[in-house]
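Student: Structure incoming, see below.
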Amino acid sequence: MRAIKPPALKKGDLIGIISPASTPDELSRIENSVKYFENLGYSVVLGQNVGKYRGYLAGTDQERLDDLHSMFSNKKVKAVFCIRGGYGAFRLLDKINYKLIKSNPKIFVGYSEITALQNAIFTKTGLITFAGPMPAVDFVNEVSSFTEEFFWKLVTFKKKIGRIKYPAETSPQTLRKGIVSGQIVGGNLAVLTALTGTKYFPDMKNKILILEDINEAPYKVDRLLNQLRLNGVFSKIKGIILGRFVDCYEDDANKKTLTLGEVIDDYFCPLKIPSLYVFPHGHIKDFVTIPFGLKIKLDSGKQSVEFLESAVN
């Protein structure tokens, strides 16, 4: 699918903030993130239903959907940030007006549970979305200088980003050497896998797949990867980038277990495609924002990832 790039963000632009999944436990995080954006010179508008709770959801499905639609309908809003991940964004997929989104392409940012929305949006519209920092998670308290510098460059510069410079003390590992180019897709492993068999799962043919996750024991990672394998995903992609798998270990010393590394080796070492591991993306402080749908170049032998074009127009 031909990718649609959203317009670049400029100082003074209006940023919309919504909660399509869960609400932060501390609502002060929303206020603090608004101050962060305003201090950078942007204006901010909150979704009408931001701050609501319905169990683990940030309000009803209709309330969360209304906020998503209102931000894409509002011509003044130039970027839409998801406050946090959590749970429940996938409940909106069959209710979203994708024609509205395609007619009003905007920067759309989030990760983790937001993977569901991003893959659905890309599959249905071709719009590039950003697996990047979220207001109540990454743009509060001590903000990572690496994360924010890379992100703001990505959404404001109309030039090719080029080869990515990694955070200090970060060294991705080669699983299999090779050089390949293609559109990058993927996101959170558990959320992406939950989309298999639906019309919101992206076409994986000739794509470069990136995966990350958090708090999944090795046997759960094993199960999730096997579901992708059985769905033929690994036979279609051209390359694989594995981000960070945070706290994905067995914490019961009495249980027999494979290590996460052994699970990774079992699935990806046999594949004859370029593969990179421990790439700085996921639930970590210093991370690289990924524009889903962007054409990139992976040189796994040199542990190199290059963005071959701008992510915005």
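The values are calculated or read from the model by the stated rules, or taken from the named source; none is laboratory data. Since this is a predicted model, take the numbers as computed values, not measurements. Positions of Cβ are backbone-derived with ideal geometry, glycine not excepted, and every protein chain shown enters the neighbour counts.
Student: Looking at Pro274, Pro218, which one is free of Cβ contacts under 8 Å to residues at least 60 places away in the same chain and touching a helix residue (DSSP H, G or I) at 6+ places or on another chain (Cβ under 6 Å)?
Tutor: The unique qualifying residue is Pro218.
Student: Going through the range 118-143 one residue at a time, which ones are touching a strand residue (DSSP E or B) at 6+ places or on another chain (Cβ under 7 Å), outside any loop (DSSP other than H, G, I, E, B) and among the hydrophobic types (A, V, I, L, M, F, W, C)?
Tutor: Ile121, Phe122, Leu127, Phe130, Ala131
Student: Sort out which residues of the range 155-172 are surrounded by 11 or more Cβ atoms within 10 Å (Cβ to Cβ) and within 19 Å of Arg244 (Cβ to Cβ), and write them in order of number.
Tutor: Answer for the range 155-172, where residues must be surrounded by 11 or more Cβ atoms within 10 Å (Cβ to Cβ) and within 19 Å of Arg244 (Cβ to Cβ): Ile164, Tyr166, Pro167, Thr170, Pro172.
Student: With the condition kept exactly as written, say whether any residue in the range 188-205 is at pLDDT 95 or above and under 16 Å from Ala311 (Cβ atoms). Talk me through it step by step, then tell me what you get.
Tutor: Step one: list which residues in the range 188-205 are at pLDDT 95 or above, which gives 188-205.
Those still in the list that are under 16 Å from Ala311 (Cβ atoms) too: none.
Checked against the condition, which is being at pLDDT 95 or above and under 16 Å from Ala311 (Cβ atoms), the range 188-205 yields no hits at all.
Student: Checking the condition in a loop (DSSP other than H, G, I, E, B) and surrounded by 18 or more Cβ atoms within 10 Å (Cβ to Cβ), which residue from Glu216, Glu212 passes?
Tutor: Glu216
Student: Quick one: Phe279 ticks every box in (1) in contact with a helix residue (DSSP H, G or I) (Cβ under 9 Å, 6 or more places away or on another chain); (2) closer than 22 Å to Met134 by Cα; (3) surrounded by 22 or more Cβ atoms within 10 Å (Cβ to Cβ) bar one, so which box is it?
Tutor: All conditions pass for Phe279, except number (1).
Student: Could you grab the pairs with beta carbons closer than 7 Å, sequence gap of 6+ or different chains, first residue in the range 33-48 and in contact (Cβ under 8 Å) with a residue 24 or more places away in the chain, second one among the polar types (S, T, N, Q) and assigned to a helix (DSSP H, G or I)?
Tutor: Taking only residues 6 or more apart or on different chains, the pairs are Gly47/Ser70.
Student: Here's a check for you: in the range 69-104, which residue that is among the charged types (D, E, K, R) and outside any loop (DSSP other than H, G, I, E, B) is surrounded by the most Cβ atoms within 10 Å (Cβ to Cβ)?
Tutor: Ranking the qualifying residues of the range 69-104, first place goes to Lys78.
Student: Suppose we filter Phe201, Phe146 for residues that are in a loop (DSSP other than H, G, I, E, B) and either touching a residue at least 12 places away in the same chain (Cβ under 8 Å) or surrounded by 24 or more Cβ atoms within 10 Å (Cβ to Cβ) (or both); which single one remains?
Tutor: The conditions single out Phe201.
Student: Could you please find all residues in the range 39-68 being over 15 Å from Val109 (Cβ atoms) and assigned to a helix (DSSP H, G or I)?
Tutor: Those that are over 15 Å from Val109 (Cβ atoms) and assigned to a helix (DSSP H, G or I): Asn39, Asp61, Gln62, Glu63, Arg64, Leu65, Asp66.
Student: Given (1) assigned by TED's automatic domain parsing to the domain that holds Phe139; (2) assigned to a loop (DSSP other than H, G, I, E, B), where does Tyr36 come up short, assuming only one miss?
Tutor: In the conditions (1) assigned by TED's automatic domain parsing to the domain that holds Phe139; (2) assigned to a loop (DSSP other than H, G, I, E, B), Tyr36 misses (2) alone.
Student: Of all residues in the range 173-190 being among the aliphatic types (A, V, I, L, M) and more than 20 Å from Met1 (Cβ to Cβ), which is surrounded by the fewest Cβ atoms within 10 Å (Cβ to Cβ)?
Tutor: Within the range 173-190, the match that is surrounded by the fewest Cβ atoms within 10 Å (Cβ to Cβ) is Ile179.
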